[in-house]
Amino acid sequence: MSKQNILVINSGSSSIKFAVINPQNEHEYVSGLAERLSQPEARIIWKQDGEKTIYDMPNADHDIVCQKILHLLEEQQLTETLAAIGHRVVHGGEHFKASTLINDDVVQAIEDCKGLAPLHNPAHLLGIRITQKYFPNLPQAAVFDTSFHQTMPPQAYLYAIPHSLYRDHHVRRYGFHGTSYRFVTGEACQRLNIPVNESNILCAHLGNGCSAAAIYHGQSVDTTMGLTPLEGLVMGTRCGNIDANIFNFLHQQLGYDIDRITTLLNKESGLLGLSELSNDCRTLEEAMEQGHEQATLAIDVFSYVLAKSLSGLASSLDHIDALIFTGGIGENSRVIRAKVLQQLRIFGFQLDADANANNGKNNKGIITTADSPVALVINTNEELMIARDAAQLAGC
Ligand code: AMP
């Protein structure tokens, strides 16, 4: 086998997701997850040819599981097929307008963005340093969640706070999920036969984290997430947009300190906070069917805030060629897609209930009727996008 595969790595604080992908034919040879790292339950879940194998590795840290992954790849004769490694990096600040090959300056710049993503960037750097150690001869690329949104104009990315906070401390809206947006936009334009550089697209990436974006001629012109992924839509456990004075209220009236409030807004809010049941959309849909009032309320608020945000984002476009739903909820939740399109009726969206029921599978993902603006479901594939970028940067 020639060297054309890419090892895709998403290194988190207690997990590493990985995959070996051929970006040309899009074949995924293996994928997996090393989770609960540095804990007694640490393990690698290895997925290959439809089979799942679990390797328990008590207390193994990032380095030890990377050694094991390397060993398993060697056993499968996959190491010799690798042309490059692509790393997901959450925050590139204003340094990175596109994916880039990793060198010392890039490592330093990712380090410099640590303050913007204190949980994520250090974990990515750890992954980068370890793979550099075990694969010293392979080119490595960084693919940023933020870089796609670097095309936003100042009116979209500036907060109306003292300008010195932007000038001196880079406080601004950055946006996330950029790798997913790039992938699904390309896919939608191909399916609908629209040149990307002429397209006007609204996109909702709805997973555990949720955001939406306006994408004009293939470039992000506005998005809902901000300095951090807390801003914007209602999410699994994040509150999305709130009145910033809630901080003050919770402190003064209830005595909560900054850490308590930060946890409340990031981990205890969103679908979970509203429903007091679960952050998982499937659980909430099942509960709604059983008549659970707060689950219904959570889904209603989620859908309404999403529709309202999409209408606002539409003001950055000339017209709407397509509204894309992606991410675990966007790809699967018929209920939420139906509620959102109903709420967006001012744009003329007409749901095709049968198409929506099977996630648009029979017609390029399209879930609207022929005389409606197009809304479609596209399964995102961030790993493939990272593999494509890494391959292109490595010149293979
Ligand atoms: P992600 O982070 O993209 O994996 O998305 C996770 C979210 O997708 C969770 O809220 C899941 O409940 C939701 N999800 C996955 N499958 C379904 C489904 N069949 N129906 C509704 N929501 C789903």
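ALA214 passes every criterion in (1) open to solvent by 40 Å² or more (accessible area, probe 1.4 Å); (2) of a type in the set (A, V, I, L, M, F, W, C); (3) not in a helix (DSSP H, G or I) apart from (1). Out of GLY348, GLY312, GLY328, GLY360, one residue alone is touching a Pro at 6+ places or on another chain (Cβ under 7 Å) and small (Gly, Ala, Ser). It is GLY348. If you go through the range 246-255 one residue at a time, do you hit one that is in contact (Cβ under 8 Å) with a residue 12 or more places away in the chain and not in a helix (DSSP H, G or I)? Scanning the range 246-255 turns up no residue that is in contact (Cβ under 8 Å) with a residue 12 or more places away in the chain and not in a helix (DSSP H, G or I). Just the residues that are surrounded by fewer than 18 Cβ atoms within 10 Å (Cβ to Cβ), under 25 Å from the mean Cα position of the chain (by Cα) and free of Cβ contacts under 8 Å to residues at least 24 places away in the same chain, please, taken from the range 148-168. Hits for the range 148-168 are PRO154, GLN155, LEU158, TYR166. Contact map, the range 303-317: first residue closer than 11 Å to ASN200 by Cα, second residue at pLDDT 95 or above and assigned to a helix (DSSP H, G or I), Cβ cut-off under 9 Å, separation 6 or more or different chains; pairs are ALA314/PHE347; SER316/ALA156. Applying the criterion of being hydrophobic (A, V, I, L, M, F, W, C) and open to solvent by 60 Å² or more (accessible area, probe 1.4 Å) to the residues of the range 223-245, the residue that is farthest from GLY327 (Cα to Cα) is ALA244. Among the numbered conditions (1) within 14 Å of the ligand (Cβ to nearest atom); (2) closer than 20 Å to VAL335 by Cβ; (3) outside any helix (DSSP H, G or I), the only one that ARG238 does not meet is (2). The listed residues are LEU126, LEU119, and the only one of them that is in contact with a His (Cβ under 8 Å, 6 or more places away or on another chain) and farther than 23 Å from ASP168 by Cβ turns out to be LEU126.
Go through the range 313-344 and give me each residue that's part of a helix (DSSP H, G or I) and open to solvent by less than 40 Å² (accessible area, probe 1.4 Å).
LEU313, ALA314, GLY327, ILE329, GLY330, GLU331, ILE336, ARG337, ALA338, VAL340, LEU341
Screening THR283 on (1) open to solvent by less than 70 Å² (accessible area, probe 1.4 Å); (2) touching a strand residue (DSSP E or B) at 6+ places or on another chain (Cβ under 8 Å); (3) within 12 Å of the ligand (Cβ to nearest atom) shows it passes everything except condition (2).
Contact map, the range 275-292: first residue at negative phi, second residue near the ligand (Cβ under 7 Å from one of its atoms) and not in a helix (DSSP H, G or I), Cβ cut-off under 6 Å, separation 6 or more or different chains; pairs are ASN279/GLY236; CYS281/SER333.
The values are calculated or read from the model by the stated rules, or taken from the named source; none is laboratory data. Remember, it's a predicted structure, so these values are computed and weren't measured experimentally. With ideal geometry, Cβ positions are generated from the backbone for all residues, glycine too; neighbour counts draw on all protein chains shown. For the accessible areas, the whole protein counts, side chains as well, though only heavy atoms, and no ligand, DNA or RNA atoms are used. Shrake-Rupley method; radii C 1.70, N 1.55, O 1.52, S 1.80 Å.
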